[in-house]
Amino acid sequence: MKSKIIVFGGTGDVGQIIVRKLLDKEQNVCILTRQEKENKDNLTYKVGNVLELETFEQIIQKDDKIIVALGFNNSSLDTMSKGTANIISAMKKNGATRLVCLSAQGAGDSWEYMPNEFKEMVLENDILKASFKDHGIQEEFVKNSDLKWTIVRPTEITGNIETANFTVNNPSPHSSYQISNLDVAQFIVTEILEDKYLKQIAMITN
């Protein structure tokens with residue numbers, strides 16, 4: 001069976017762009033969805049639920065590469081962390097090793113470096129607070145997985161203008177601390193194909 005790149009969260013805002021960019025590079029792509037969809041050239045849809053391991057476990061094969069771009073779900077506050085834990089379990093069982101996970105700047109150990117106004121905004125919003133907490137748990141699962149992982153922490157995601165002019169782990173004094181969803185997707189696609197930041201956390205911003 002031909003190896004593929006599986007995008008979990010491939011129907012989300014950033015996930016859809018990731019998929020489109022992978023297809024533009026003629027990659028074989030698979031998306032997990034809750035409803036059946038018609039397959040297209042180089043794009044396969046598989047029905048399953050990231051919170052139900054048994055529904056997708058056999059989709060992952062040894063040579064596959066995995067992108068996790070799960071979004072926050074208000075009805076299940078641990079969707080990102082629990083879903084990622086399930087994905088990691090399936091990868092280990094089936095021998096897949098490469099994982100790129102979309103998180104957010106402010107998650108995990110980056111929280112302490114965030115400005116006070118940002119912290120106040122998050123802590124005063126129950127949804128944002130739960131989201132950043134879940135991202136932090138998700139990151140720990142990834143870092144402790146022994147896989148070939150990369151965690152991507154974009155700053156505030158805005159708009160649909162692709163600049164291809166973002167920095168990685170080295171913001172300048174003039175950085176906006178914002179980044180477009182197109183630039184986020186491009187970084188993830190490049191990383192899954194080139195493996196530049198293996199076992200590293202990449203903070204990306206314009």
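Key figures
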item	result
Hits in region 150-186 (condition: assigned to a helix (DSSP H, G or I) and either over 21 Å from residue 99 (Cβ atoms) or touching a Phe, Trp or Tyr at 6+ places or on another chain (Cβ under 7 Å) (or both))	182, 183
Sole residue being farther than 22 Å from residue 88 by Cβ and of a type in the set (Lys, Arg), chosen from 46, 37	37
Residues located in region 149-179, provided they are crowded, with 21+ Cβ neighbours inside 10 Å and without any contact (Cβ under 8 Å) to a residue 40 or more places away in the chain	179
Index of the failed condition, residue 122 passing every other in (1) in contact with a Lys or Arg (Cβ under 7 Å, 6 or more places away or on another chain); (2) within 30 Å of residue 94 (Cα to Cα)	(2)
Test: residue in region 114-133 that is out of contact with any Cys (no Cβ under 9 Å at 6 or more places or on another chain), touching a residue at least 12 places away in the same chain (Cβ under 8 Å), of a type outside the set (Lys, Arg) and part of a loop (DSSP other than H, G, I, E, B)	no
Hey, residue 90 of a type outside the set (Asp, Glu), buried (at least 17 other Cβ atoms within 10 Å of the Cβ) and without any contact (Cβ under 8 Å) to a residue 40 or more places away in the chain or not	yes
Selection count where residues are over 23 Å from residue 9 (Cβ atoms) and crowded, with 16+ Cβ neighbours inside 10 Å, scope region 100-117	1
Test: residue in region 164-187 that is farther than 30 Å from residue 59 by Cα and of a type in the set (Asp, Glu)	no
Hits in region 29-85 - residues which are in a loop (DSSP other than H, G, I, E, B), hydroxyl-bearing (Ser, Thr, Tyr) and touching a residue at least 24 places away in the same chain (Cβ under 8 Å)	none
Given (1) at pLDDT 95 or above; (2) β-branched (Val, Ile, Thr); (3) in contact with a Ser or Thr (Cβ under 9 Å, 6 or more places away or on another chain), index of the condition residue 179 fails	(1)
Residues within region 150-182 that are within 23 Å of residue 121 (Cβ to Cβ) and not hydrophobic (A, V, I, L, M, F, W, C), tallied	15
Index of the failed condition, residue 71 passing every other in (1) surrounded by fewer than 19 Cβ atoms within 10 Å (Cβ to Cβ); (2) at pLDDT 90 or above	(2)
Check on residue 47, of a type in the set (Val, Ile, Thr), over 22 Å from residue 143 (Cβ atoms) and at pLDDT 95 or above	yes
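Here is a yes/no grid of residues against (1) under 18 Å from the mean Cα position of the chain (by Cα); (2) hydrophobic (A, V, I, L, M, F, W, C):
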site: 121; (1), (2): no, yes
site: 126; (1), (2): no, no
site: 130; (1), (2): yes, yes
site: 136; (1), (2): yes, no
site: 142; (1), (2): yes, yes
site: 146; (1), (2): yes, no
site: 153; (1), (2): yes, no
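The values are calculated or read from the model by the stated rules, or taken from the named source; none is laboratory data. Since we're looking at a predicted model, the values are computed, not measured. Every residue, glycine among them, receives a Cβ derived from its backbone with ideal geometry; neighbour counts consider all protein chains shown.
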